[in-house]
Structures are given as C-alpha cells and as structure tokens.
Amino acid sequence: NAKPNKAHTWLAKFEETGRLTGVVTQNIDGLHQAAGSRRVFELHGSVHRNYCMDCGKFFPMETILHSTGIPRCECGGVIKPDVVLYEEGLDDATVRGALRVISQADVLIVAGTSLTVYPAAGLVRYFRGKHLVVINMSPTQTDGQADLLIADKIGKVLGQL
C-alpha cells in the first residue's frame with residue numbers, strides 16, 4: 001500500500017520538464033513510476049513484474065498476491081518476481097542505461113542511499129559532470145567529493161523545492 005512521497009513526485013516533475021534525464025534506483029517498489037517517472041533504471045528489478053522461470057511468460061503482481069503457496073504458471077513453472085536475489089547478476093541493459101544517464105549528467109543527485117551495496121555503489125564513479133549532490137541521513141563514501149552535501153531525509157529536502 002506504499003505511495004510515492006514528495007521526493008518521487010519532485011523527480012517525476014523534473015523529468016517531465018526535461019531537467020532530469022533518468023532515475024537510477026535499487027528500490028524494487030515501483031514508486032518512481034507511480035509518481036510519473038518514465039525513465040527509471042531499476043537495478044534490482046521490480047516486484048511489479050513477475051515471470052515464469054520455465055516459459056518466460058510475464059505476470060502482474062496481482063497474480064502473486066492472489067496465489068496460494070508457490071505461484072505457478074499454466075506450464076507448471078514457478079513464477080518468480082523480476083528482482084535480483086542474492087548472488088544473481090544485474091540486468092546488463094539496465095546497467096548500461098544507468099551508466100549512460102550517470103556519465104552524461106551535468107548534475108548527479110545521489111539520495112537516500114548509504115552507497116554500501118555493490119555493484120550499484122560503484123556507479124557514481126562514472127559521473128563526469130559538473131556538480132555532485134549527496135542527500136542522505138548518514139555519511140556516504142562520496143561525501144568528500146560532493147559539491148553540496150545535505151544530511152537529511154530526501155523526501156523532506158526535495159519536498160521543500
């Protein structure tokens with residue numbers, strides 16, 4: 001029942017006006033899309049997409065929510081959420097898209113992440129733009145490189161814009 005917060009809404013508005021070229025996220029909740037963002041690179045996938053591990057058929061989240069036991073496809077295969085589980089690799093096309101928007105950005109906002117989960121945490125090193133902004137409650141490994149460092153909740157900060 002989670003809903004997008006002010007940060008999700010702000011990012012979607014910036015994308016709509018052409019000031020944001022993409023959102024790179026480790027979240028699997030689909031809240032960026034629910035807020036209106038269209039160019040979202042979900043590094044760890046999404047619970048809103050599910051597929052049969054045998055035949056590849058896709059299923060909406062409602063299929064999972066209304067199933068009992070292990071969700072199964074008509075073919076008998078197990079239906080798995082399209083999320084990256086422990087020791088699984090990230091989707092190559094998603095990573096390439098994320099690298100493209102990061103490397104081409106003039107300003108990179110790193111927000112709401114401790115930057116401790118790899119390989120996602122390493123993507124910041126591909127930024128070659130002008131200004132790095134870090135918004136996070138706790139210190140991150142990129143704080144020393146930031147042009148602007150804000151130690152606060154992203155929803156609160158972006159909600160004030």
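The values are calculated or read from the model by the stated rules, or taken from the named source; none is laboratory data. Everything numeric here is computed off the predicted structure, so don't read it as measured data. Ideal geometry is used to build each Cβ from the backbone, glycine not excepted, and the neighbour counts take in all protein chains shown. We work out accessible area using only protein heavy atoms, side chains counted, and drop any ligands, DNA or RNA first. Shrake-Rupley method; radii C 1.70, N 1.55, O 1.52, S 1.80 Å.
For the reader, a short list of remarks on this structure follows.
- Reported count of residues in region 68-98, each being farther than 15 Å from residue 27 by Cα, more than 13 Å from the chain's Cα centre (by Cα) and not polar (S, T, N, Q), is 18.
- Check on residue 36, over 21 Å from residue 121 (Cβ atoms), under 18 Å from the mean Cα position of the chain (by Cα) and free of Cβ contacts under 8 Å to residues at least 60 places away in the same chain: yes
- Boolean, residue 37 is surrounded by 12 or more Cβ atoms within 10 Å (Cβ to Cβ), in contact with an Asp or Glu (Cβ under 7 Å, 6 or more places away or on another chain) and not in a loop (DSSP other than H, G, I, E, B): no
- Filtering region 112-144 to residues that are among the hydrophobic types (A, V, I, L, M, F, W, C) and at pLDDT 90 or above leaves 123, 124, 127, 132, 133, 134, 135, 137.
- Cβ-Cβ contacts under 7 Å between residues 6 or more apart (or on different chains), taken from a first residue in region 2-21 that is closer than 14 Å to residue 157 by Cβ and touching a residue at least 24 places away in the same chain (Cβ under 8 Å) to a second residue that is open to solvent by 50 Å² or more (accessible area, probe 1.4 Å) and not basic (Lys, Arg), are listed as 10/161.
- From the options 94, 140, residue that is in contact with a Ser or Thr (Cβ under 7 Å, 6 or more places away or on another chain), touching a residue at least 24 places away in the same chain (Cβ under 8 Å) and on the phi < 0 side of the Ramachandran plot: 140
- Test: residue in region 15-26 that is surrounded by fewer than 15 Cβ atoms within 10 Å (Cβ to Cβ), over 16 Å from residue 110 (Cα atoms) and of a type in the set (Lys, Arg): no
- Residue match in region 58-78 (condition: aliphatic (A, V, I, L, M), open to solvent by 90 Å² or more (accessible area, probe 1.4 Å) and under 30 Å from residue 1 (Cβ atoms)): yes
- Subset of region 1-34 that is assigned to a helix (DSSP H, G or I) and basic (Lys, Arg) - its residue that is farthest from residue 134 (Cα to Cα): 13
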